[in-house]
Amino acid sequence: MLSSEERRGLWFTLIGGGALALALLIGLGFFRGEESGPPPAAAATPRAPVVRLGSVYGRLVDARRDFGLAARTVTVVGVAGRSDHYLAPASARHPGSFEVRALPEGDVTLELGADGYVATARTVEVRAGVACDLGVIALTPLAHLTGRVVDGAGDALGTARATVVLHDSGREIARAATDDHGAFRFERLVPSRYELDLAPSAEGDTALAALAIDATAGGEQPPLELVAVPSGTLVGTLLLPIGSAPARAIAVGARRGAIGGDGRFTVESLRAGPCLATVELDDGRTVEFAASLPCAAVEWQVEPPAETPAATPVETPAETLAATPAATPFDAIARQRAAAPSAATSPLAGDGALRVRLRCGESCSGAAWLRIAAADAPERTLAEAYTTRAGEALVRNLPIGVALRVEAWSGRWQGSGEALLAAGVPGELRLALEELPP
């Protein structure tokens, strides 16, 4: 039997242990009630949209020789940030072949190129799971022009260096100096139709005639030859109307010369090729004549002034005069020809085209004037044009099925021929110019 003191100690022990256990359970949250409301929703994980992929393949070849281009480049544009495309490794067994894989569905643009070739672009519609075939794509090689500058005897200029000027559509794009052997070279040119000429030297030397080069096919062009000749002199006689006062002076470009009482004149240090002479008359008029140097002595007839009824002068605003473009030498030739009675215009027109190629002697060089009329009505002009310094011109808007008469004129050289145009096919006429007797 426990004594009263032992029973009292046991009670104290049980009460203390129970209080300690209760405090521990409360601290651990054993008696905490459940929170009201629905459980928190799990954060939504964004899902990337499904990308549907396809591929494009093809082959790049040389446009001239049809061989595959091993060092090709293929770039995809317009898919930044939405494509993990890649270019498949090149195949040694199939040079020039390419394949771009993992392209997104839709329209994509491929820029295709190779070193030394003109790049091109292709737009293609990519479809999921489909390999699109671009086929064979021919690239045009860049053009290279080489040649040499020689003197009138055909010998290289040697240490007498020259500067060769390259023109495209009348615009200078590059220059190249000749070496000790008179050779020059232009590299990596965009295929086009070019003209070569010589820049005037301190001694006044220049090209005998500019060369027109058709480099549209690209690649290495056949060697060229430019002939440099000394500066030319224009001599001749001005035939004035009876009883008129003598002319004052004659100007060719920046060069001027006096006209004697007998009408004879001389203008020195002129460049070879086409030139325009402006004659100042004592009555205040100016007349213009065209020539092509070098040439023999010329005789130019000055017509008396036309008698026209007096007209009320019309004042032209100064701003209109300032906006008027300067006339070119060819404009002056056109005005000279248009003043003739045979230059009446005709309403005839069409969609025909005629390519004219001129051929003349060694002393004939430079641009020529062309007049095209109907063969049964030669007095009515259908079109006027000017050839390049290589003697070529393409005249458009000519009537179809009408016999055409073509007249060509360059200084003392003239020629004519006939042509008949068909619909949709440009006609071609070759004219041989003959020199008129002095």
Of the residues in segment 76-94, those that are outside any loop (DSSP other than H, G, I, E, B) and not hydroxyl-bearing (Ser, Thr, Tyr) come to Val76, Val77, Leu87
Quiz item: Taking the stated definitions as given, is Asp115 acidic (Asp, Glu) and touching a residue at least 60 places away in the same chain (Cβ under 8 Å)?
Solution: no
If we keep only residues of segment 120-137 that are among the aliphatic types (A, V, I, L, M) and under 18 Å from Pro95 (Cβ atoms), then the residue farthest from the chain's Cα centre (by Cα) is Leu134
Scanning segment 106-161 for residues that are among the charged types (D, E, K, R) and buried (at least 16 other Cβ atoms within 10 Å of the Cβ) gives Arg148, Asp151
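Within segment 292-301, restricting attention to residues that are in contact with a Lys or Arg (Cβ under 8 Å, 6 or more places away or on another chain) and either part of a strand (DSSP E or B) or without any contact (Cβ under 8 Å) to a residue 24 or more places away in the chain (or both), which residue is surrounded by the fewest Cβ atoms within 10 Å (Cβ to Cβ)? Explain how you work it out, then say what you get.
Of all residues in segment 292-301, those in contact with a Lys or Arg (Cβ under 8 Å, 6 or more places away or on another chain) come to 293, 295-296, 298.
With the extra rule that they be either part of a strand (DSSP E or B) or without any contact (Cβ under 8 Å) to a residue 24 or more places away in the chain (or both), the set shrinks to 293, 298.
On the way: Leu293: 23, Val298: 17.
Restricting to residues being in contact with a Lys or Arg (Cβ under 8 Å, 6 or more places away or on another chain) and either part of a strand (DSSP E or B) or without any contact (Cβ under 8 Å) to a residue 24 or more places away in the chain (or both), the top hit is Val298.
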Of those in segment 180-207 that are over 26 Å from Gly116 (Cβ atoms) and not in a loop (DSSP other than H, G, I, E, B), the residue modelled with the lowest pLDDT is Ala207
Only one of (1) part of a strand (DSSP E or B); (2) in contact (Cβ under 8 Å) with a residue 40 or more places away in the chain; (3) farther than 30 Å from Leu112 by Cα does not apply to Asp133, and that is (3)
Subset of segment 392-421, residues at pLDDT below 80, among the small types (Gly, Ala, Ser) and crowded, with 20+ Cβ neighbours inside 10 Å, comes to Ser410, Gly411
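The values are calculated or read from the model by the stated rules, or taken from the named source; none is laboratory data. Since we're looking at a predicted model, the values are computed, not measured. Cβ: placed from backbone, ideal geometry, glycine included. Neighbour counts: every protein chain shown.
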